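J.: Just dropping this structure here.
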Amino acid sequence: AIQLIMKYFAATEPGIALAVQRHWDWTANALWFEEIPRPRNPYYTAYFLGGKDAVMDAWRVRRYLTNHGVDENLYWDPNGQHGQPVLDKKGLKALKDWLLAPEPKRTPPSSDSETDSSEWSESENEV
């Protein structure tokens, strides 16, 4: 069903089709792991992927993320299509739980540290 909606709105609407086909620079919209702030910290970053995504190769993205040590904050639906992992009950609950999670506790630096107290680091969740 979601594929039909995407096809109708993205492929048949003239403005969207023109923008995607003629003006979308795919290479400028690539996001590398090193560019993601706190990529392994489940409080700050979550990944929602569907295995049947028609826009990107989600299996490859999943492998890329797991090769970089992402596991705890990776939500995977092998049968999910583009955007579907956050549209079904399980994915939506995971997204809601992630958004509403309490901020992790921060530990102050030791008294002999030369860092300013405003530069507290996160305990075990720091990357």
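The values are calculated or read from the model by the stated rules, or taken from the named source; none is laboratory data. Since this is a predicted model, take the numbers as computed values, not measurements. Glycine gets a Cβ as well: all are built from the backbone with ideal geometry, and neighbour counts include every protein chain shown. Keep in mind that these areas ignore ligands, DNA and RNA; they rest on the heavy atoms of the full protein, side chains included. Shrake-Rupley method; radii C 1.70, N 1.55, O 1.52, S 1.80 Å.
J.: Determine, yes or no, whether residue 69 is out of contact with any Pro (no Cβ under 8 Å at 6 or more places or on another chain), on the phi > 0 side of the Ramachandran plot and at pLDDT 90 or above.
T.: So residue 69 fits the description; yes.
J.: Could you identify the single residue in 74, 100 that is open to solvent by 50 Å² or more (accessible area, probe 1.4 Å), modelled with pLDDT of 90 or more and aliphatic (A, V, I, L, M)?
T.: Checking each option against the conditions leaves just 100.
J.: Still on this model: Looking at this structure, is residue 92 within 22 Å of residue 51 (Cβ to Cβ), at pLDDT 85 or above and open to solvent by less than 50 Å² (accessible area, probe 1.4 Å)?
T.: no
J.: Starting from region 58-74, take each residue that is within 9 Å of residue 39 (Cβ to Cβ) and list its partners that are among the basic types (Lys, Arg) and open to solvent by 50 Å² or more (accessible area, probe 1.4 Å), counting only C-beta distances under 6 angstrom and pairs at least six apart or across chains.
T.: Final answer for the pair search is 69/40; 70/40.
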